[in-house]
Amino acid sequence: MSKELNLEDWQQQIGKLIMSCTRVEYELSKLYKIWLSNRNFSDDSYEEKYNKSIGISKLNIGEHHEMIQQLVEMKKIATHRHLVAHNPVHYSNESSTWRIFNLKSNKESIGLFELEVLAERAEILSLKLSANLRVLIR
């Protein structure tokens, strides 16, 4: 592996992941206005927003609607968003690759290939979720 960092590839995938998560968060804010109008969206943590949205969606559209599984999967992807958004890319001598490491614990990391796969899935899911939410939440 090369010790040379291809910053553009990292930027593209980081941007795709963060924009996908942001797209879903925007749609969840609209869900709150319609189905959780007694709650203030900005008062809930990132994880709570997903938990509450999943719970209220199950009540309104049923547990087996495809959107529920999409929300659950997007919530898992969103945990990686925090890693990617709040930590820099570092060179790992152990693996001879560039990775994003969790600076607090150093236990969690992601490489460019993993990030590409995750960002692609997040983009697809975010578009599906956005469409589902716009149809269901009027």
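Taken together, the values in this text are just the output of simple stated rules run on the coordinates, not laboratory data. Note that this is a predicted model, so its numbers are computed, not measured. Here the Cβ is made from the backbone with ideal geometry for all residues, glycine too, and neighbour counts use every protein chain on show.
Values for this structure:
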quantity	calculated
Semi-axis lengths, Å, the range 25-91, gyration tensor of Cα atoms, sqrt of 5 times eigenvalues	25, 15, 8
Distance violations [Cα-Cα > 30 Å] among Lys33/Lys104; Lys30/Lys107; Lys16/Lys49; Lys3/Lys128; Lys16/Lys104; Lys33/Lys76	Lys33/Lys104; Lys30/Lys107; Lys3/Lys128
Calculated [θ] (222 nm, deg cm²/dmol) that DSSP helices of n ≥ 4 give over the chain, each run adding -39,500 (n - 2.57)	-23000 deg cm²/dmol
Gyration tensor (Cα) of the range 64-138, equivalent ellipsoid semi-axes in angstrom	31, 11, 9
Under 19 Å from the Thr79 label point (7 Å along Cα→beta-carbon), backbone N, the range 105-122	105-111, 114-122
P(r), alpha carbons of the range 56-96 - 10 Å bins starting at zero, rounded %	24, 30, 23, 14, 10, 0
Karplus-derived HN-Hα couplings along the range 76-87 (A = 6.51, B = -1.76, C = 1.60, θ = phi - 60°), whole Hz, x at Gly and Pro	5, 5, 4, 5, 6, 4, 4, 4, 6, 6, 10, 9
Using alpha-carbon coordinates, inclination of helix 7-35 to the longest axis of the chain, degrees	10
Range of Cα positions in the range 17-57 per principal axis (Å), largest first	30, 17, 17
Residues whose placed amide H lies under 5 Å from that of His90, excluding near-sequence neighbours	Arg99, Ile100, Phe101
Pair Lys33, Val72: separation of 7 Å Cα→Cβ label points (nm)	2.9
